[in-house]
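In what follows, a single structure is set out as structure tokens and then discussed.
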Amino acid sequence: MSGILSRRRLLRNLGVLGVSGASLATRAPQAASAKAPEAPTKAERPRVLALIGDRYHNADYIRVAFDKLFREVNLPVDYTTNYDQLSASLLRQYRLLVLLRDGMIWPNGYLTPNDYEYSPALENSRLWPPENFQPWITPEQGNAIKDFVASGNALYAFHNSTNIALYSQGVRDVLGGAYLGHPPLRPFKVRIVNKEHPITRGVEDFVVNDEQHFVTYDKDPKYVLLESENIDGLTFENFGAKSLGGWAYEYEKGRVVFTAVGHTLHALWQPEYFKLQKNAVRWLLKRN
């Protein structure tokens, strides 16, 4: 009967699920051994390490988005959620570090994915451990990222990764800015303010439904590439309706890019923004 699965069909379906599960599993970077790994040579394709995922940003959608990005720029990428393993030794294996996660961990756990959303479970919060966060990044990790870029490698920081800079002077030095906050998901416009840069060349202004991140910026204004604005006039706290949306510059021998859009898959795949991301990766690795 059509409603009954045969044993052969069931085994075949389980086999397909097994393959799919393997393809979705995060491939952890190689553990550091006693002998430090060699840096990539110029003859090799540059490898990418992506540190992704946090309480507010599920690693699954980020990986789906970045799989497409790095497939189209023909670069191998390793994903990790293991923030505690980030080190100078690990970074030595890579040419580009990509960040899409914040700087917080929650040792006592949490009840809901978003602490700013109402949950009935919080009505009697005395029954539950407090949802207190702590920074995960150490001074050694912050300096490792800084030295990684300064020595000739690259950093692409997305979206909420500016939050890490609140807890690390090393990251703040190399990233050039820090997180201030954001309103809820709602449409806003991203404008190209420097159309001559290789990253923005051929990219048009676009509207996206996303978290409009507000950031502080420490570097020269000439490096700013993007500006975001809520064209409906909606503001965020006392920051108004506009914020910087991205920048790019050379940091000693290396390069840095920050772009603020990235809370959802459809935002990361907005066509103009996706075009810009490909340009950014090529510029970071000096391939254009």
Taking LEU265 and the conditions (1) within 22 Å of HIS57 (Cβ to Cβ); (2) out of contact with any strand residue (DSSP E or B) (no Cβ under 8 Å at 6 or more places or on another chain); (3) buried (at least 18 other Cβ atoms within 10 Å of the Cβ), which numbered condition does it fall short on, given that it satisfies the others? (3)
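Would you say THR216 is free of Cβ contacts under 8 Å to residues at least 60 places away in the same chain, in a strand (DSSP E or B) and among the polar types (S, T, N, Q)? Break it down stepwise before answering.
Details: free of Cβ contacts under 8 Å to residues at least 60 places away in the same chain: yes; in a strand (DSSP E or B): yes; among the polar types (S, T, N, Q): yes.
Judged against the criteria, THR216 is a match.
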When you scan the stretch 95-112, how many residues do you find that are more than 19 Å from ALA260 (Cα to Cα) and in contact with a helix residue (DSSP H, G or I) (Cβ under 8 Å, 6 or more places away or on another chain)? 3
Please specify each residue of the stretch 237-288 satisfying the condition of being in contact with a helix residue (DSSP H, G or I) (Cβ under 9 Å, 6 or more places away or on another chain), of a type in the set (Ser, Thr, Tyr) and either within 18 Å of LEU97 (Cβ to Cβ) or assigned to a strand (DSSP E or B) (or both). TYR249, TYR251, THR259
With LEU69, LEU90, LEU99, LEU111 as the choices, which residue is touching a residue at least 60 places away in the same chain (Cβ under 8 Å) and either in a loop (DSSP other than H, G, I, E, B) or more than 22 Å from GLN270 (Cα to Cα) (or both)? LEU90
Out of ALA165, ALA178, which single residue is buried (at least 23 other Cβ atoms within 10 Å of the Cβ), touching a strand residue (DSSP E or B) at 6+ places or on another chain (Cβ under 6 Å), modelled with pLDDT of 95 or more and of a type outside the set (S, T, N, Q)? ALA165
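The values are calculated or read from the model by the stated rules, or taken from the named source; none is laboratory data. Everything numeric here is computed off the predicted structure, so don't read it as measured data. Note that we place each Cβ from the backbone using ideal geometry, even for glycine, and neighbour counts take in every protein chain shown.
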